[in-house]
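The values are calculated or read from the model by the stated rules, or taken from the named source; none is laboratory data. Values in this document were obtained by computation on a predicted structure and should not be read as measured data. When we count neighbours, we look across all protein chains shown, and the Cβ atoms used for this are built from the backbone with ideal geometry, even at glycine.
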Amino acid sequence: MSLPSVELLIDKLTEALKSYFPSDQSTLEQPIIVGIETGGYWVAEAIHRAINPSTDLGRLNISFYRDDFTKKGLHPTVSPSSLSSNIDDKTIILIDDVLHSGRTIRAAMNEIFDYGRPKRIVLAILIDRGGREIPIQADIVGETIALKSGEHIKLQGPDPLRLTLKSVGEHAG
């Protein structure tokens with residue numbers, strides 16, 4: 001399978017997100033771009049640089065909000081999230097690299113609501129690979145890719161950003 005260019009997918013997401021940042025909008029009305037560590041944050045950084053909003057870039061570490069980290073053998077590292085102190089009534093543009101089960105996004109929304117009550121959350125995803133376990137759907141998708149059972153797609157980076165595909169049982173070398 002030929003994997004798409006990360007750069008082209010980021011450009012596609014950036015173009016789709018520009019409409020959320022009209023030139024006549026005040027700083028107080030501008031959305032806050034928030035990336036989910038780690039891959040989502042890398043994508044969010046590139047989009048934030050391209051759009052150059054007056055709002056700060058947010059970062060979410062959702063490790064302790066996951067409901068499946070013991071099942072998956074994840075060992076969360078403690079690094080704090082960084083989010084604007086006041087997100088009440090703001091539009092949050094939540095960015096992640098790969099949407100699969102929906103559990104990462106659910107965890108991210110739980111953390112966002114710990115910071116306040118946003119007016120709206122817009123979900124932008126680099127790759128939607130299907131396979132939802134909970135009802136989460138992206139508003140903006142770079143590309144949808146159908147994977148075979150046992151295949152996983154991952155964003156590697158941060159410099160350069162590239163997509164890799166591997167089958168369960170393969171070991172990274």
**Message:** I'd like the full set of residues that are in a loop (DSSP other than H, G, I, E, B) and either buried (at least 23 other Cβ atoms within 10 Å of the Cβ) or at pLDDT 95 or above (or both), limited to the range 58-72.
**Reply:** Ile62
**Residue list for the range 126-146, restricted to those being assigned to a loop (DSSP other than H, G, I, E, B) and more than 16 Å from Gly39 (Cβ to Cβ)** = Gly130, Gly131, Arg132, Glu133, Ile134, Pro135, Ile136, Gln137, Asp139, Ala146
**Item:** Qualifying residue in the range 99-108 (condition: within 12 Å of the chain's Cα centre (by Cα) and in a strand (DSSP E or B))
**Value:** yes
**Request:** Within the range 1-46, count every residue that is buried (at least 18 other Cβ atoms within 10 Å of the Cβ), of a type outside the set (Phe, Trp, Tyr), in a helix (DSSP H, G or I) and touching a Ser or Thr at 6+ places or on another chain (Cβ under 9 Å).
**Result:** 2
**Contacts under 8 angstrom Cβ, first residue in the range 26-40 being closer than 21 Å to Leu163 by Cα, partner among the polar types (S, T, N, Q), 6 or more apart** = Ile36/Thr104; Glu37/Asn61; Glu37/Ser79
**Asked** Which residues, taken from the range 11-36, are under 12 Å from the mean Cα position of the chain (by Cα) and over 19 Å from Ile87 (Cα atoms)?
**Response** Leu13
